[in-house]
1. Any chance you could count how many residues in region 33-69 are within 24 Å of residue 140 (Cβ to Cβ) and in a helix (DSSP H, G or I)?
2. When the residues of region 52-85 are filtered to those that are without any contact (Cβ under 8 Å) to a residue 12 or more places away in the chain and in contact with a helix residue (DSSP H, G or I) (Cβ under 9 Å, 6 or more places away or on another chain), which remaining residue is nearest to residue 116 (Cα to Cα)?
3. Could you list, in sequence order, the residues of region 40-51 that are at pLDDT 80 or above and either out of contact with any helix residue (DSSP H, G or I) (no Cβ under 9 Å at 6 or more places or on another chain) or surrounded by fewer than 12 Cβ atoms within 10 Å (Cβ to Cβ) (or both)?
4. Give the residues of region 81-103 that are at pLDDT 75 or above and over 14 Å from residue 66 (Cα atoms), sorted by residue number.
5. Filter region 168-192 down to the residues that are under 29 Å from residue 158 (Cα atoms) and in a helix (DSSP H, G or I) and list them by number.
6. Which condition breaks for residue 128 when tested against (1) in a helix (DSSP H, G or I); (2) within 21 Å of the chain's Cα centre (by Cα)?
7. Do you know which residues across region 196-210 are outside any loop (DSSP other than H, G, I, E, B) and either closer than 13 Å to residue 65 by Cβ or without any contact (Cβ under 8 Å) to a residue 40 or more places away in the chain (or both)?
């Protein structure tokens, strides 16, 4: 347990020290929130959807967590190429503990970035339906971060170079985001998109976060929480298995 804590703290310090990266990663969520929130806001309101910022903010928070978590996991490739991973693996600690510690560190950073995006959303006009549910929203944020950091670690464990990352970016991360209902309501969408959203783990994170912050849920809070917890356990088990097979 002490090894996991030390690795979590080490991973956390590593990301927090990279202030340029931490700040730079906030540019895209801010752009989405301002451009889409105010650009499509009048259209969304005329269609009877209400305040688009209220709908959009949980989705953009989830986007920031998704990208941060996946990037933290795929850093395994970078560490392998420059020898940093070998230094960690020679420590007298099980590879499962190393993987869990790295994942917790990446998930914590993702949570921090999601919280910053939440503060940015407040600055542009978003207001939670009730501040009482904000701690539960933070729980959903952490689960999303943990799930996708573990998934990123699993992918980073099987990829051998950064060129493969572009494939992951185009064929996995972006579809996960756009099909999650982060930008549009899932009610009434074509059947194909509805099915894709049902198997998209981020959709449950967006839905749970939206339920806590905006008071609207598509799947239901209990379903959101159950799927996220189950998905996190599966991703963690898969990541631990693949990480244990890394050859450096």
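The values are calculated or read from the model by the stated rules, or taken from the named source; none is laboratory data. Predicted model, so just to flag it, every value in this text is computed and none were measured. Counting neighbours? That spans all protein chains shown, and the Cβs are built from the backbone with ideal geometry, glycine included.
1. Let us first name the residues in region 33-69 that are within 24 Å of residue 140 (Cβ to Cβ), namely 33-34, 36-37, 44, 49-69.
Next, only the ones that are in a helix (DSSP H, G or I) stay: 33-34, 36-37, 44, 52-69.
So the count comes out to 23.
2. Ranking the qualifying residues of region 52-85, first place goes to 79.
3. Once the filter is applied, which keeps residues that are at pLDDT 80 or above and either out of contact with any helix residue (DSSP H, G or I) (no Cβ under 9 Å at 6 or more places or on another chain) or surrounded by fewer than 12 Cβ atoms within 10 Å (Cβ to Cβ) (or both), region 40-51 yields 42, 43.
4. Within region 81-103, the first condition is being at pLDDT 75 or above, and the residues that meet it are 94-103.
Listed by number, the residues that qualify are 94, 95, 96, 97, 98, 99, 100, 101, 102.
5. Those that are under 29 Å from residue 158 (Cα atoms) and in a helix (DSSP H, G or I): 168, 169, 170, 171, 172, 173, 174, 175, 176, 177, 178.
6. Just one mismatch for residue 128, condition (1).
7. First, the residues of region 196-210 that are outside any loop (DSSP other than H, G, I, E, B): 196-198, 201-210.
Passing the criteria: 196, 197, 198, 201, 202, 203, 204, 205, 206, 207, 208, 209.
Residues checked against (1) over 25 Å from residue 79 (Cβ atoms); (2) crowded, with 20+ Cβ neighbours inside 10 Å:
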| residue | (1), (2) |
| --- | --- |
| 159 | no, no |
| 170 | no, no |
| 180 | yes, yes |
| 202 | yes, yes |
| 215 | yes, no |
| 223 | yes, no |
| 228 | yes, yes |
